[in-house]
Amino acid sequence: MTSSVEVDRPVVELRIGAERLTVASGGVHQHIDPATGRHDVDVPLAGVAEVERAVQVAHQAYLTWRCTKPTERRRMLTRLGDLIEEHAADFARLAALDNGAPVAAAAAMIPVAVDWTRYYAGWADKITSDVIGSHRANGEFSYTLAQPWGVIGAIITWNGPLVSLAMKVPAALAAGNTVVVKPSELTPFTAGLFTDLAAEAGIPDGVINVVTGGPEAGAALVEHPLVKKVSFTGGPATARKILRSCADLIKPAVLELGGKSGNIVFADGDLDAACGMGTMMSVGILSGQGCAFPTRMIVERSVYDEVIERVRTYAGFMKVGNPFAEGTIAGPIVSEQSLNRIMGLIDRARADGARLITGGGRVGGDLADGFYLEPTVFADVDPASELAQTEVFGPVLSIIPFDGDDQAIEIANSTPYGLSGYIFTTNLRRAHRVAEELETGEVLINGAANLLANRPFGGIGISGMGKEGGRQGLDEFLRVKSVSMA
Ligand code: NAD
């Protein structure tokens, strides 16, 4: 199999309790296969009516789910993790159809989703509260209750639909909430299989509902009074709109937004690892369409030229191709609109005086109809320029020189984002000092892995607020009540 044209697509349905809808009041989105540029399926879009029904169903399900024995919730979520693992090949295929992620890259992300699901399954029967004081000591006996919020509105983006689901849904359910998920209309396929497997794992109808839709459905979900908390993954512009709606209702929201993460490469660092990882994770895997990717390589001047040459070589290994073709590392950009936006940024970076090292154009030949971009690397990028300050969400790496640790930190911290920070150095004192100074939600040193389930993830600044992962990710789905008896 070398092309997505021959692969069958599942029917896209909204899932509201036990109901399956192929027609909805929000109209239809014509899904375009980014690998070929061809229309493949019509996606039914939820309107206000379907969101209303889904939230009501989720609320009814919540009244039972919150009372389900924690050990039962653990058993079902553990089973869901097992089923995701068993269906790894199906999920990888759906990801390729959804957004053009190469099958191999998508397959590598399935264990991440399995880990997150199992990790939060394990929390389901370990949620405890505190005893604050005894009657004898205070004259009052006080304790807390960690309780679910109710219905969670989960709005996700298109770049990793399964991982996004796994980062939100198991934690919400483990804590006793139910969810209405709004996937992106650009990636309609994955959530259906996820919901089917949840049902097979024994999770009752109505606990997970899926309203495929666009901005209208997202806004209706945020505004619904029975949605007690919003968990959003997407861009800062949408997050601002969500926050405005939340402000009216005084509703809390977790916001996992974009990034422009710096990768500081010191001369004493492992340059092979720094350049290999830095190139793969900016212009290779997912074609740069990842929020936490190290898209600014900030390089100590004494090794600057050497690093540029290494990155040029690595970029040449990033084979661009159809997601189903063997050996493809970088698939297409998700949509023609995104591709044109990225091309605009590339053109303006050239005009701004950044030095193009490789790439810079749309891929032609057999791939001309799909939305493919060459892995693109710029050097001598001005840290204040549009390219250095804007999240590209495409295969474009900026290389920037620095002199001295303080300047490296200053450049790394010079964008309004604050999602991830990367450091390559063999000097431990420097590694810990710089890690402390970076204004980011996480710091990964010498190639440490992204997205571990047991570690909190989430940015600061316009990268968002709140956490997914670890105990903190669970706490986002619990509200604490204090109880006192005189
Ligand atoms: P987006 O903000 O345009 O859309 C995200 C989701 O919000 C979609 O489901 C969309 O339909 C919905 N939406 C749009 N308007 C809405 C509204 N008014 N109210 C409610 N929902 C609405 O983002 P995108 O372009 O799909 O995704 C790219 C962005 O997501 C990038 O900035 C990327 O960095 C970020 N992202 C962040 C993470 C993370 O965990 N931090 C992970 C992946 C992607």
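Which residue, Ile155, Gly288, Pro395, has the largest displacement toward the positive end of the dipole of the chain when charges sit on each Cβ (Lys, Arg +1; Asp, Glu -1)?
Of the candidates, Ile155 comes out farthest on the positive side.
Counting pairwise Cα distances across the chain, what percent come out greater than 32 angstrom?
More than 32 Å apart: 41 percent of the Cα pairs in the chain.
Ordering Arg310, Arg348 from largest to smallest accessible area (1.4 angstrom probe), what's the sequence?
Arg348, Arg310
Could you check the simple spin-label distance between Ala108 and Arg355, using points 7 Å along Cα→Cβ, in nm with one decimal?
Each label point lies 7 Å from its Cα, and together they span 2.9 nm.
Mind checking the dipole of region 262-452: about its Cα centre, +1 per Lys or Arg Cβ, -1 per Asp or Glu Cβ, Debye to the nearest 20?
300
How large is the dipole of region 372-418 about the Cα centre if only Lys and Arg carry +1 and Asp and Glu carry -1, each at its Cβ, rounded to the nearest 20 debye?
In debye, rounded to 20, region 372-418 gives about 200.
In the structure displayed, which of Lys168/Lys241; Lys168/Lys319; Lys126/Lys228; Lys126/Lys168; Lys229/Lys319; Lys69/Lys251 lie more than 30 Å apart, Cα to Cα?
Lys168/Lys319; Lys229/Lys319
List the residues whose amide H sits under 5 Å from the amide H of Ala253, counting only those 5 or more places along or on another chain, with H placed 1.01 Å from N in the peptide plane.
For Ala253, whose amide H was placed from the backbone, the distant partners under 5 Å are Val230.
Calculated FRET efficiency, Ser25 and Asp125, Cβ-Cβ r, R0 45 Å, to nearest 0.05?
0.65
Can you tell me the Rg and Dmax of region 358-486, counting just the alpha carbons, in angstroms?
Answer for region 358-486, Rg first and Dmax second: 19.6, 78 Å.
Could you please state, rounded to a whole Å, how far the C-alpha centre of region 1-54 is from the C-alpha centre of region 359-423?
Cα centres, region 1-54 to region 359-423: 33 Å.
With only Lys, Arg, Asp and Glu charged, each at its Cβ (+1 for the first two, -1 for the last two), find how big the charge dipole of the chain is about the Cα centre; round to the nearest 20 debye.
With Lys and Arg at +1 and Asp and Glu at -1, about 1500 debye.
Among Phe371, Gly213, Asn450, whose Cα projects farthest towards the positive end of the dipole of the chain, with charges put on the beta-carbon of Lys, Arg (+1) and Asp, Glu (-1)?
Gly213
Need one value: the accessible area of Val5 in square angstrom, 1.4 angstrom probe, rounded to the nearest 10.
70
Near the amide H of Met297, under 5 Å away, which other amide H atoms are found, from residues 5 or more places off or on another chain, if H is placed in the peptide plane?
Long-range HN contacts for Met297: Asn263, Ser398, Ile399, Ile400.
Express in Å², to the nearest 10, the accessible area of Phe324 obtained by rolling a 1.4 Å probe over the protein heavy atoms while all chains stay in place.
Its heavy atoms expose roughly 30 Å² to the probe.
Counting only heavy atoms of the protein chains, get the accessible area per residue of the chain (1.4 Å probe) and round it to a whole Å² value.
39
Efficiency by 1/(1 + (r/R0)^6): what FRET value for Thr426 and Asp90, r their Cβ-Cβ distance, R0 = 41 Å, to the nearest 0.05?
0.45
Would you tell me the accessible area of His29, worked out with a 1.4 angstrom probe on the heavy atoms of the protein chains, in Å² to the nearest 10?
His29 has an accessible surface of roughly 50 Å² with all protein chains in place.
Kyte-Doolittle mean at least -0.5 and Cα extent at least 18 Å along the axis: which DSSP H helices of the chain qualify?
Once both thresholds are applied, what remains is 48-65, 103-123, 161-174, 236-249, 304-317, 336-351.
Using just the C-alpha positions of region 262-452 as equal point scatterers, what log10 of I(q)/I(0) does the Debye formula give at each q in 0.09, 0.15, 0.18 1/Å?
-0.29, -0.82, -1.17
Which whole-Hz ³J(HN,Hα) couplings does region 294-300 yield from phi under the Karplus relation 6.51 cos²θ - 1.76 cosθ + 1.60, θ = phi - 60°, glycine and proline marked x?
x, 8, 10, 9, 10, 10, 4
Along region 5-13, what does the Karplus equation 6.51 cos²θ - 1.76 cosθ + 1.60 (θ = phi - 60°) give for ³J(HN,Hα), rounded to whole Hz, x for Gly and Pro?
4, 7, 8, 5, 9, x, 6, 8, 10
Would you please give the FRET efficiency between Lys241 and Arg471, computed as 1/(1 + (r/R0)^6) with r the Cβ-Cβ distance and R0 = 30 Å, to the nearest 0.05?
So, using R0 = 30 Å, E works out to roughly 0.50.
Compute the relative contact order of the chain as a whole-number percentage, counting only Cα pairs closer than 8 Å that sit 6 or more residues apart in sequence.
Relative contact order for the chain comes out at 18 percent.
Go through region 253-261 residue by residue and turn each phi into a ³J(HN,Hα) via Karplus (6.51, -1.76, 1.60, θ = phi - 60°); whole Hz please, and just put x for glycine and proline.
9, 9, 10, 9, 10, x, x, 9, 6
Over the Cα atoms, compute the radius of gyration (one decimal) and Dmax (the largest Cα-Cα distance, rounded to a whole number) for region 1-120, in Å.
Calculated on Cα positions, Rg and Dmax stand at 17.4, 49 Å.
Which percent of the accessible area of region 189-280 is formed by carbon and sulfur heavy atoms (probe 1.4 angstrom)?
59
The values are calculated or read from the model by the stated rules, or taken from the named source; none is laboratory data. Model, not experiment: these values are computed from the prediction. Every residue, glycine among them, receives a Cβ derived from its backbone with ideal geometry; neighbour counts consider all protein chains shown. Ligands, DNA and RNA are stripped out before the accessible areas are found, and what is left, the full protein with its side chains, is counted by its heavy atoms. Shrake-Rupley method; radii C 1.70, N 1.55, O 1.52, S 1.80 Å.
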